[in-house]
Structure formats: structure tokens, C-alpha cells
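**Q** The structure under discussion is supplied below as C-alpha cells; questions concerning it will follow.
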Amino acid sequence: MLPTEPEQTQDQILVLNLKRDLPEAFKIVFQTMAATPIISALFVLLTLFDDLLPPLTLDTLWALILQLIITRNIINNTYKAAFPESKTASQHFQTKCLARMFGIQFIWGLGTLLCGLLLIAPGIYFALALSLCLQFVVLENESGFAAIKSSWNLTKGKKWQIIKYVALGPLILTSLALAATFGAGFVVTLVGLNLDAANTEKITDIITAVATLIVELIVLSAQPLAVKIWIDLMHKSGRSTAIERKIAEQQVA
């Protein structure tokens, strides 16, 4: 007898709350990075010292690959935090999906840029339509094109909800970080009147590098939010996740 779709118990129903979930998102990001110290340290160093490395080192490419590894782990860890019973089913979580994630990120970035060149609105629409692709790749083990189609369909009529829950908090924090960077740069410029140009430039570079790292961490914090709204939208569309179905199959067996 084939297992049926698992029913959602009260404990499995996610209640989305940005004020609560955004701090938790940062907690998951830092815990995930702490669990892989070498990868995380390399990512931080490449982000901080990007301008100091020669072009032939392909530091930007390596930083992106490390970011994707961290992102994959964040997605998996967020799902486990949402459904603690899945922690004992590690075999169902994807680890060999970096190539598909890289392809998705390339298509997402290129498509958003091209649509944005036409008008701002199409660029935003495209970015939101594909905003849950990584969840389908990592948690559903879908191919790149299947993930694009799934994200496009799942986000129909839900763009504003995604903006409010996934994008709003990180955008506000990013704006504050950039404003603080601008303010710090302005102060350095004023103080720099009494310093030589070389020292002023070094201080400015340090401020810019730290701001870049902070923004990268803010971007990573959007992933736990994306996972939660993905689960929420999947359930509201009447679908359970692949991991839920596999756990249910094991219980039936």
C-alpha cells in the first residue's frame, strides 16, 4: 500500500513572524558557518581581501563557490530546525548539488539584469519568481530547469508576501549598513585632512571591506527566511516536501 501525503500536525504548521524569524535566521547562519570553520574562514578572507588579490587567483569565483556551499548548508539546517524529526534522516538531504546551484545563480543574476535593463519592474518580478529555486534544488533534488519552473509556479500571486517576509528585513539591514559605511567614510575624510592620502585610503578600504562582509552575511540571512516561506507555500498549495514524504514512507515501511 502506497503511503499517503503526510497530514500536517499543529507542531508542523509554520507561523511566519519576521520579528522572530530574522534574528533566528542570523543564528542559523552563524551556527552553520561555525560548523564548517575552514570553508567559512576562507569565505570571510576572500570577501575581506578581494581587492588585494591579483585577478588570476579567481578569488571572486572561489568566493561564490564557498558561498554556495554555505548556502546549501544553511538551507538544510533551516529545514532541520523547522522539522526536528528530519535530523535523523540526513540521508535525504542533498550534498551534491553545487553545479545546479551555480547554474541557478547564473540564470537568476543574468535574467534579473537583462529584465532590469528593460524596466525595473520586470527585473524585480523575475528575481522574485526565481527566488525559491535553490530550495527546490537542495530540498527537492530537482534539476535546474525543473526548479525554475517550480519556483515560478509556487510564487504566482505570492510576490508581495515574499517581499514582506524574505526581502524587507535584509533590505533594511543592508541600507543601514551602507548608511553606516557612508557615515564612517565621511568621518574618515574629515579626519583625513590631518593624515596623508595613503593612510586615509587604507582606512577607507578597511571600512569598505568590512561593510562588504556584513552585506554578504545579511544576504545569507535571507536564506532561512526563504526556506520557511517555501515550506509555508508548499503546504498551502496542498503539497508536502520530498523529505516529509520520504520520512512518511519509512514510517509506513
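The values are calculated or read from the model by the stated rules, or taken from the named source; none is laboratory data. The structure displayed is predicted, hence computed values, not measured ones. We place every Cβ from the backbone using ideal geometry, glycine too, and count neighbours over all the protein chains shown.
**Q** Quick check on my filter: what residues within segment 194-235 are at pLDDT 90 or above and of a type in the set (D, E, K, R)?
**A** The answer is GLU216, LYS228, ASP232.
Quick grid of which residues meet (1) touching a residue at least 40 places away in the same chain (Cβ under 8 Å); (2) among the aliphatic types (A, V, I, L, M):
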residue: LEU110; (1), (2): no, yes
residue: GLY123; (1), (2): no, no
residue: ALA127; (1), (2): no, yes
residue: SER131; (1), (2): yes, no
residue: LYS149; (1), (2): no, no
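**Q** Of these, ILE38, ILE70, which one is at pLDDT 95 or above, crowded, with 19+ Cβ neighbours inside 10 Å and within 19 Å of LEU213 (Cβ to Cβ)? Give the derivation first.
**A** On the way: ILE38 fails: crowded, with 19+ Cβ neighbours inside 10 Å.
Sole residue among the options that is at pLDDT 95 or above, crowded, with 19+ Cβ neighbours inside 10 Å and within 19 Å of LEU213 (Cβ to Cβ): ILE70.
**Q** Here is a follow-up. Just give me the residues in segment 227-237 being surrounded by fewer than 22 Cβ atoms within 10 Å (Cβ to Cβ) and touching a residue at least 24 places away in the same chain (Cβ under 8 Å), in sequence order.
**A** If the condition is that a residue be surrounded by fewer than 22 Cβ atoms within 10 Å (Cβ to Cβ) and touching a residue at least 24 places away in the same chain (Cβ under 8 Å), then ASP232, LEU233, MET234, HIS235, SER237 are the ones that fit.
**Q** Kindly evaluate ASP11 against the criterion of being within 26 Å of THR204 (Cα to Cα), loosely packed, with under 11 Cβ neighbours inside 10 Å and modelled with pLDDT under 90.
**A** Values: within 26 Å of THR204 (Cα to Cα): no; loosely packed, with under 11 Cβ neighbours inside 10 Å: yes; modelled with pLDDT under 90: yes.
For ASP11, the condition - within 26 Å of THR204 (Cα to Cα), loosely packed, with under 11 Cβ neighbours inside 10 Å and modelled with pLDDT under 90 - is not met.
**Q** Shifting gears a bit: Could you please find all residues in segment 151-174 being among the polar types (S, T, N, Q) and either in a helix (DSSP H, G or I) or touching a strand residue (DSSP E or B) at 6+ places or on another chain (Cβ under 7 Å) (or both)? Talk me through it step by step, then tell me what you get.
**A** Keep residues of segment 151-174 that are among the polar types (S, T, N, Q), which gives 151, 153, 155, 161, 174.
SER151, ASN153, GLN161, THR174 - these are the residues of segment 151-174 that are among the polar types (S, T, N, Q) and either in a helix (DSSP H, G or I) or touching a strand residue (DSSP E or B) at 6+ places or on another chain (Cβ under 7 Å) (or both).
**Q** Would you check which residues across segment 85-113 are of a type in the set (Gly, Ala, Ser), in a helix (DSSP H, G or I) and over 18 Å from LEU128 (Cβ atoms) and list them?
**A** SER86, SER90, ALA99, GLY103
**Q** One residue is enough: does segment 123-131 have a residue meeting the conditions β-branched (Val, Ile, Thr) and at pLDDT below 90? Even if it seems obvious, please write down each step before you answer.
**A** Going residue by residue through segment 123-131, those that are β-branched (Val, Ile, Thr) are 124.
In the following step, the residues that additionally are at pLDDT below 90 were identified as 124.
Taking every residue of segment 123-131 in turn, at least one turns out to be β-branched (Val, Ile, Thr) and at pLDDT below 90.
**Q** Can you say whether ALA222 is under 21 Å from ARG72 (Cβ atoms), in contact (Cβ under 8 Å) with a residue 40 or more places away in the chain, in a helix (DSSP H, G or I) and within 15 Å of the chain's Cα centre (by Cα), as far as the supplied structure shows? Steps first, answer last, please.
**A** Working: under 21 Å from ARG72 (Cβ atoms): yes; in contact (Cβ under 8 Å) with a residue 40 or more places away in the chain: yes; in a helix (DSSP H, G or I): yes; within 15 Å of the chain's Cα centre (by Cα): yes.
For ALA222, the condition - under 21 Å from ARG72 (Cβ atoms), in contact (Cβ under 8 Å) with a residue 40 or more places away in the chain, in a helix (DSSP H, G or I) and within 15 Å of the chain's Cα centre (by Cα) - is met.
**Q** Going through ILE162, ILE148 one at a time, which residue ends up being crowded, with 19+ Cβ neighbours inside 10 Å and closer than 19 Å to ASP21 by Cβ? Steps first, please.
**A** On the way: ILE148 fails: closer than 19 Å to ASP21 by Cβ.
Residue meeting the stated conditions: ILE162.
**Q** Would a scan of segment 57-71 turn up a residue that is acidic (Asp, Glu) and touching a residue at least 40 places away in the same chain (Cβ under 8 Å)? Show your work before the answer.
**A** Initially, segment 57-71 is screened for residues acidic (Asp, Glu), giving 59.
Adding the requirement that they be touching a residue at least 40 places away in the same chain (Cβ under 8 Å) leaves none.
So far as segment 57-71 goes, no, none of its residues is acidic (Asp, Glu) and touching a residue at least 40 places away in the same chain (Cβ under 8 Å).
**Q** If we scan segment 199-213, do we find a residue that is part of a helix (DSSP H, G or I), farther than 29 Å from GLY103 by Cα, more than 16 Å from the chain's Cα centre (by Cα) and among the basic types (Lys, Arg)?
**A** Checked against the condition, which is being part of a helix (DSSP H, G or I), farther than 29 Å from GLY103 by Cα, more than 16 Å from the chain's Cα centre (by Cα) and among the basic types (Lys, Arg), segment 199-213 yields at least one hit.
**Q** Next question. Any residue in segment 175-195 that is aromatic (Phe, Trp, Tyr), surrounded by fewer than 17 Cβ atoms within 10 Å (Cβ to Cβ) and in a helix (DSSP H, G or I)?
**A** Of the residues in segment 175-195, the ones aromatic (Phe, Trp, Tyr) are 182, 186.
In the following step, the residues that additionally are surrounded by fewer than 17 Cβ atoms within 10 Å (Cβ to Cβ) were identified as 182, 186.
In the following step, the residues that additionally are in a helix (DSSP H, G or I) were identified as 182, 186.
Among the residues of segment 175-195, at least one is aromatic (Phe, Trp, Tyr), surrounded by fewer than 17 Cβ atoms within 10 Å (Cβ to Cβ) and in a helix (DSSP H, G or I), which makes the answer yes.
**Q** If you don't mind, another one. Looking only at segment 138-147, count every residue that is in contact (Cβ under 8 Å) with a residue 24 or more places away in the chain and assigned to a helix (DSSP H, G or I) and tell me the total.
**A** The qualifying residues number 5.
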